[in-house]
Structures are given as C-alpha cells and as structure tokens.
Amino acid sequence: MGIFTKLLIFGLITVKLSPYFCEYLGNSTFKWPTIAISVLVRNKAHTLPYFFSCLMNQDYPKDRIFIWIHSDYNEDNTIKIIEDWVEKFGSSYNEIYVTTNATSGPLHPDEKTSSNWTPKHFEHVIQLRETALRFARRMWADFIFMLDADVFLTETTALKYLVNKDMLVVAPMLVSDGPYSNFWCGMTEYFYYKRTDEYTPILQREKTGCFDVVMVHSAVLISLKYRRSDILTYNPENIKDYEGPYDDIIVFALNANRNGIPLKICNDRNYGFITTPLEDGQALSHDNERLLNIKMEALSQGTPLPLHKHLEKYVTYPDTSKFGCSEVFLINLERRPQRLKLMATSFKELGMEAKLFQAIDGKELDVCNLKENFITLMPDYEDPYHKRPMKAGEVGCFLSHYYIWEQIVEENLDISLILEDDIHFVPYFRYRFLEVMEEIKKLDWDLVYIGRKILMDDKEVFVTPHITKPLYSYWTLGYLITKRGAQKLLDANPLDKLLPVDEFLPIMFDQHTNDTWKSYFPHRNLKAFSASPLLVHPTHYTGQKGYISDTEDSTIVEVVEPGRIRNEL
C-alpha cells in the first residue's frame, strides 16, 4: 500500500471568475483561476531538481495551485527528493497531495526494464491519470495541468499565458535536443505517429500561434470550467466502442477528437524543454545523457535550466579532463562575460577542463598603427560576401588565434582544442568527440575542424566513418590542432599579409577558391580534416534574435596608400 501524505496549507478557496481572465500585466480585481497540477514520477531523481526549480519559478499565485504527486516503481532516489521538496517548499502552495510507494519494487510484473511500456505499465499509468483527473474535478479546480517530471518550464509566466488563452485543452510547445516534441500533427490508421508537412514549421517556429493538432502530451492544461471537459478521459473503458490502443495519451486524444474537442499546441513563446523518451528496453542511465543534452540545449539558447540552491545537493557532475588533449583553449572577449558564464557552465556539465584566453578586442586595437606592431593587411583584400575591406574585429580575431598557435609551439603542446565562446555543443558531444579522437589516431593530420561553415558538402570525401577531407570552409568555431600544425601556420608569416582567419585556414590546406590570395602563401601544406557530422555549431545564426557579431559590428580598416591606414565605420 502507498504512503499517503496530505499537506493542507490553506483552506480551499473557490471564487466565481469573471468571464474574461485577468491580463498578466493588468490590474484585475479578480483572483487567478485555481490550477491542480498532476505529476507522475518514476525514476526521475536526475530531472526532479530542475523540474521543481522550474515549477517554483512559475509566476503564478501559489495559493491558487494544488499539486497532486504520485511516485512508485522506482529504482533511484526519486522518493527522497520528492519528500524533501515537499517538506521544504510545500507550505508555499494551497495544498499538496503526495502518494509514494517505496515497497512496490522497481518493476511491474511483465517488465524487464523500467523503460518497457508493457500492458501492466500502461494500465497503471492510465489508472493514475484518471485518478488525477477525478481529483481535480472533486476539488472544483478551474484547470488541471497534466505535467510530466521531465518537462522544464523555463518561461516563468507559462501558466499565466496558458490560462489566459481560455482554451479547453492547450499545451505549450516544448523543445528537445532533436525533432521530438510534445505534440503530433498526424496519426496513422493504427493510431500512432505520422509524419506530416505541418509539424516542422510549428516545431521550428516558422509560424507562431496556437494550432489544432491530433495529439498533445507531457504538459497539457485542461479547462474544467467547460461542461464538455467532463467527457475527457484517459481510460478506454469510459469510451463506447473504443478500438484504439491501450495507451493513455492516445486514448485521451482519440476521445477528444471523436467529441470535437480541439487539442491546441502553442509556440508563441519559448515555453521550455522536454527530454526525449527512452527507447523500449533502454537502461535508465541513458536518461541521464538525455537530460545533459537538454541542459546543453538550454545553455545554447542563453536560458540555462534553473536549479534552486536547496536542490543542488542532488545534482552531480562528471570528473573533469581535457578529453585527450594537451590543452583546451576558450577564446572570450572580456566584454562578453555572459558568454563566458554560459561556456563555463557548459564545461562543468561536460566535465571539460579548459583554459581561458582573453581575446584581442578589435575595438581596442590601434588600427592606425598596425605596421608598428608588424602587421600588414593583404593588399586589395575584399570580403567575398560584403565586398568591403577587413574590419578591426577580424584583425582581433586573427590575432587571438595566432597568439594561441604561438603558445602551443612555445609550450610544446601535442594536441590542442581551440574553441570560440559562441558555440553550441551537439547532443552526446562527449562520446562523439572521443570517437573522433580515436579515429584521427589513424591519420597524419595537422588540424581537424569540429565546427565550421560547410560550403561544398556534397563533394567532400570521407576518410574514416566520422572524418572528411574539408573543402573551402568558413568559421573557426572549434578545431583540433597539433604542434606541427601550429608551426606551419606561424611559418607562413600571416601577419605580413593579414586576412580573416577563416579565409587563412583553407588557403593553408590548399582548398581556397581565390588564387590571388593563395599566391601569397606558397607553402600550403597543412593537413586538414573535419569531423562529420560536426560537433559544435553557432549559438545564433545571422538574422536570428540574439545574434551578435563582434567582427561585423566593428570598424573597417582600410589601406589608402602604403604606410597609411584609414579607420572608418
């Protein structure tokens, strides 16, 4: 039998609501509607610290929230975390109902692993969801929010936005580390997922708003104020002539669709994140990697998952290493402290030990006296896309890489990883990077890109399962370089004919398309390769919200005659 704990903090308050909900920023005389939040938790000790932190951050009156939690069949620390959180923070909410069962054992009778969705597993979940729905109705809640414990609502006003939509069934669109989300746009004749043309534009926010879909799950707000909500159910036994599968979310969707109840998905805000589910039979340890992927995805968007100080004790981080490198360099501008903070957190999550290199800031360079610093720009250089001379930021960027190459040679570093500070690590980065490190042992190499702008992908040749020979490429987001490779770049005396570093590198491995520029560097013998698929990407692309370019947003450095340099905006 379960251990049932009921924490009655305040008496249940019910009010007659206005037919119009109060606006988030407005001054209303009405109270916010009451919400019952239902949470089923199994083996989520790794997600709960972040889940609860996000929940506590919701800007919604906590005395208008009832929380119903059920947890059993665990093989981790889930129950301890739940009980600790309830004891510490439960008094903030109107009521919290917690049912835990530590004696159930880790598995249902017909399961081999906890990720098996067996008939007994489905039966149990269906019964619990139906119980939660009855609970909310019995408590006269205005809404019930069906919320899974691997959902992270980083938008602090998510509940207010959803309530204000006044829809019978609505879900906030959640982002994962891939194409998975908490909605379907199509369903097959056998009632399972069907790929449709409508899905990707919603997922990628090519169009925004609230859309009718055939399925929503994991974070679903149901308005109980409408009479039609009474026919909503997760139990197929409540549906006459039900012919679908015995699956809680499919039962709910088919019943709603049959009764003409629209299921809405809203992507009008960046509501939060969701982990991809384990595949049938996968070990629980894989879910930790999925959580790491989400944490890295959130960091790349500048919205790290919140973690309350009280819950930090339940979070562990990997031991640090240099991932098989002699040194890992991070290039960061001193005036970009937020980037440094996000990268430091990324390294902590990955277990990567990195050394900070303070970037040469183009805005601080005396571009009128470059020759006094033994720097000469390449004559008649013109950016291929913008048709302009070099910018001060590009000079600073080149010098940042150049001084690291000098340090590599001076300190006799065999293999170094150089990273810029505006990158996003791909899912499963640790495993993929170490896989690349293993494969390059078979190659004679000087430089290996792990992030770049590929310009001629269809013509590149694989030399190992995950390594290609790169053609003309842009960007220096991240690359491995040997001491020999760094020496070759220095020996080319690039400061005598300076051009952007992402043009210089493809010249040095003789894949640049500009023969004039190549002619300035006769020894183009850098042995370059590239990871494929790439392991890091930019956090933002040109034109995206939040995009900043410290090279483009700098002054032009233009040579007007030998020995004189003009600095223009």
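Taking the criterion of being over 35 Å from the mean Cα position of the chain (by Cα) and crowded, with 20+ Cβ neighbours inside 10 Å, the residues of the stretch 376-428 that qualify are LEU377, MET378, TYR381.
Residue selection: ASP230 satisfies the criterion of being of a type in the set (Asp, Glu), open to solvent by 70 Å² or more (accessible area, probe 1.4 Å), at negative phi and part of a helix (DSSP H, G or I).
The criterion of being free of Cβ contacts under 8 Å to residues at least 12 places away in the same chain and either open to solvent by 30 Å² or more (accessible area, probe 1.4 Å) or polar (S, T, N, Q) (or both) holds for SER285. Scanning the stretch 308-338 for residues that are farther than 25 Å from LEU413 by Cα and open to solvent by less than 50 Å² (accessible area, probe 1.4 Å) yields HIS310, LEU311, TYR314, VAL315.
Considered as a group, the residues in the stretch 203-227 that are crowded, with 16+ Cβ neighbours inside 10 Å and not aliphatic (A, V, I, L, M) include one that is nearest to VAL39 (Cα to Cα), and that residue is SER218.
Each row is one residue, and each column tells you yes or no for (1) closer than 21 Å to TYR50 by Cβ; (2) modelled with pLDDT under 95.
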| residue | (1), (2) |
| --- | --- |
| ARG134 | no, no |
| ARG137 | no, no |
| LEU168 | no, no |
| MET173 | yes, no |
| GLY178 | yes, yes |
| PHE183 | no, no |
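Suppose the filter is over 26 Å from the mean Cα position of the chain (by Cα) and touching a residue at least 40 places away in the same chain (Cβ under 8 Å); does THR113 pass it? Yes: the conditions hold for THR113. A residue that is within 27 Å of THR513 (Cα to Cα), out of contact with any Ser or Thr (no Cβ under 8 Å at 6 or more places or on another chain), among the aliphatic types (A, V, I, L, M) and not in a loop (DSSP other than H, G, I, E, B) can be found somewhere in the stretch 387-406.
Each row is one residue, and each column tells you yes or no for (1) modelled with pLDDT of 95 or more; (2) more than 19 Å from the chain's Cα centre (by Cα); (3) polar (S, T, N, Q).
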residue: ASP280; (1), (2), (3): no, yes, no
residue: THR303; (1), (2), (3): no, no, yes
residue: LYS309; (1), (2), (3): yes, yes, no
residue: THR320; (1), (2), (3): yes, yes, yes
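If the condition is being touching a residue at least 12 places away in the same chain (Cβ under 8 Å) and either in a strand (DSSP E or B) or open to solvent by 10 Å² or more (accessible area, probe 1.4 Å) (or both), then the stretch 256-265 contributes ASN257, ARG258, ASN259, PRO262, LEU263, LYS264, ILE265.
Do we find a residue being touching a residue at least 12 places away in the same chain (Cβ under 8 Å), open to solvent by less than 10 Å² (accessible area, probe 1.4 Å) and within 21 Å of LEU40 (Cα to Cα) anywhere in the stretch 185-192? Looking for residues that are touching a residue at least 12 places away in the same chain (Cβ under 8 Å), open to solvent by less than 10 Å² (accessible area, probe 1.4 Å) and within 21 Å of LEU40 (Cα to Cα), one finds none in the stretch 185-192, hence no.
Checking each residue in the stretch 50-84 for being of a type in the set (A, V, I, L, M, F, W, C) and within 12 Å of THR100 (Cβ to Cβ) picks out ILE69, ILE79, ILE81, ILE82. In the stretch 462-539, counting only helices (runs of 4 or more DSSP H) that sit wholly within it, the ones holding 2 or more residues that are in contact with a helix residue (DSSP H, G or I) (Cβ under 9 Å, 6 or more places away or on another chain), more than 23 Å from PRO389 (Cα to Cα) and not basic (Lys, Arg) span 483-491. If you go through the stretch 266-324 and keep only what is closer than 21 Å to THR156 by Cα and part of a helix (DSSP H, G or I), you end up with LEU291, ILE294, LYS295, MET296, GLU297, ALA298, LEU299, SER300, LYS309, HIS310, LEU311, GLU312.
Taking the criterion of being outside any helix (DSSP H, G or I), open to solvent by less than 60 Å² (accessible area, probe 1.4 Å), of a type outside the set (S, T, N, Q) and closer than 22 Å to ASN288 by Cα, the residues of the stretch 72-105 that qualify are ASP72, TYR73, ASP76, GLY105. Within the stretch 414-441, residues that are in contact (Cβ under 8 Å) with a residue 60 or more places away in the chain sit with their Cβ atoms under 9 Å from residues that are in a helix (DSSP H, G or I) and basic (Lys, Arg), at 6+ positions apart or across chains, in these pairs: ASP414/LYS483; ILE415/LYS483; SER416/LYS483; ASP421/ARG339; ASP422/ARG339; VAL426/ARG432; PRO427/ARG290. Contact annotation: residue pairs with Cβ atoms under 6 Å, 6 or more positions apart or on different chains, pairing a residue in the stretch 503-514 that is at positive phi with a partner that is open to solvent by 10 Å² or more (accessible area, probe 1.4 Å) and at pLDDT 95 or above, are ASP510/ARG524. In the stretch 134-152, the residue that is farthest from ASP268 (Cα to Cα) out of those that are open to solvent by less than 10 Å² (accessible area, probe 1.4 Å) and within 24 Å of the chain's Cα centre (by Cα) is ALA149. Taking the numbered list (1) surrounded by fewer than 19 Cβ atoms within 10 Å (Cβ to Cβ); (2) closer than 26 Å to LYS322 by Cα in turn, LYS459 passes all entries but (2). Name the single residue that is nearest to ILE144 (Cα to Cα) among those in the stretch 82-133 being in contact with a helix residue (DSSP H, G or I) (Cβ under 6 Å, 6 or more places away or on another chain) and β-branched (Val, Ile, Thr). Per the stated criteria, the residue is ILE96.
Return the residue satisfying two criteria in turn: it lies in the stretch 33-59 and is open to solvent by 10 Å² or more (accessible area, probe 1.4 Å) and in contact with a strand residue (DSSP E or B) (Cβ under 7 Å, 6 or more places away or on another chain), and of such residues it is farthest from ILE126 (Cα to Cα). In this case the residue turns out to be ARG42.
The values are calculated or read from the model by the stated rules, or taken from the named source; none is laboratory data. Every value quoted in this text rests on a predicted model; they were computed, and no experiment measured them. Positions of Cβ are backbone-derived with ideal geometry, glycine not excepted, and every protein chain shown enters the neighbour counts. Side chains included, ligands, DNA and RNA excluded: accessible areas come from the protein's heavy atoms. Shrake-Rupley method; radii C 1.70, N 1.55, O 1.52, S 1.80 Å.
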